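Each reported figure results from applying straightforward, stated rules to the coordinates on display, with no laboratory input. Here the structure is a predicted model, which means the values were calculated and not measured. Here the Cβ positions follow ideal geometry from the backbone for every residue, glycine too, while neighbour counts run over all protein chains shown.
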Amino acid sequence: MGIVLGIDPGTAVTGYGVVSRGDDGAVSLLECGVIRTSTGEALADRIREIFLGIQEVIERFQPSSVAVEDVFQGKNVRSALTLGHARGAILLAAALQELAIAEYSPREIKKAVVGTGGATKDQVAYMVQRHLRLKTPPTPSDAADGVAAALCHCFVSGSSVR
């Protein structure tokens with residue numbers, strides 16, 4: 001499968017995790033972190049920051065695929081629309097590199113990583129720690145969620161992309 005970049009989109013904080021899956025199926029963490037945007041800036045500037053940040057991670061790690069968390073269907077329509085802009089920047093960065101893109105709902109990611117679609121953020125972080133044999137869970141939680149998206153793709157897709 002190679003290298004998978006998992007992304008938890010957000011307009012203020014976008015979490016990402018880069019994992020490598022060997023031929024033996026073993027998965028290891030290469031890097032995780034967040035892209036923080038300037039909350040006082042215009043939306044267009046924040047979207048540019050997300051695009052450039054994801055583009056830089058792609059250039060450094062050359063993943064074979066990208067797993068992106070889908071928009072959460074919450075009560076706030078405005079938040080969902082704004083999050084859609086962030087996802088668009090992420091999808092464009094991956095598409096420009098002609099990477100395979102997989103999209104998973106938050107529930108699908110939690111089910112694949114924790115075993116239940118209703119898992120809490122703490123449970124997700126703990127299971128990411130366990131799956132990757134890390135000393136501590138990745139922080140902040142947005143980074144752990146990015147790693148969880150990458151792990152979900154490794155666990156669910158095997159060697160193919162949906």
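Helix 141-157 sits at what angle to the longest principal axis of the chain, using alpha carbons and giving 0 to 90 degrees rounded to 10? Its long axis makes an angle of about 50 degrees. Would you mind classifying segment 40-114 by shape? Square roots of the alpha carbon gyration tensor eigenvalues, ordered a ≥ b ≥ c; an a/c under 1.5 is rounded, otherwise it is prolate if a/b is larger than b/c and oblate if not. Note, shape of segment 40-114 comes out oblate.
Going from the fewest other Cβ atoms within 10 Å to the most, the residues ILE7, ILE109, ILE58 appear in the order ILE58, ILE109, ILE7. Here the spin labels are modelled as points 7 Å beyond Cα on the Cα-Cβ line, and at ARG78 and SER105 they lie 2.6 nm apart. Take every DSSP beta bridge whose two residues both sit in segment 15-155, then give the antiparallel share in percent to the nearest 5. Expressed as a percentage, antiparallel bridges in segment 15-155 total about 60.
Taking GluC sites (Glu not before Pro) in DSSP loop conformation with at most 16 other Cβ atoms inside 10 Å as exposed sites, the chain has its longest uninterrupted site-free stretch at 99-162. By other beta-carbon atoms within 10 Å, ranking TYR16, TYR104 with the fewest at the front produces TYR104, TYR16. Taking Cα atoms only, the orientation of helix 121-132 departs from the longest principal axis of the chain by about 40 degrees. Compactness of segment 99-162, taken as the C-alpha radius of gyration over 2.2 N^0.38 Å, stands at 1.04.
The slack in the chain from THR116 to ALA44, taken as 0.36 nm per residue of separation less the alpha-carbon distance, amounts to 22.3 nm. Qualifying trypsin sites (Lys or Arg not before Pro) in segment 1-96, where qualification requires a DSSP coil assignment and no more than 14 other C-beta atoms within 10 Å, comprise LYS75. Helix 43-61 versus the longest principal axis of the chain: what angle, 0 to 90°, nearest 10, using Cα atoms? In the chain, helix 43-61 runs at an angle near 30 degrees to the longest axis. Each residue in ASP70, ASP145, ASP23, ASP8 was given a count of other beta-carbon atoms within 10 angstrom of its own, and listing them fewest first yields ASP23, ASP70, ASP8, ASP145. Rg/Rh for the chain (Cα atoms only, Rh after Kirkwood) is 0.94.
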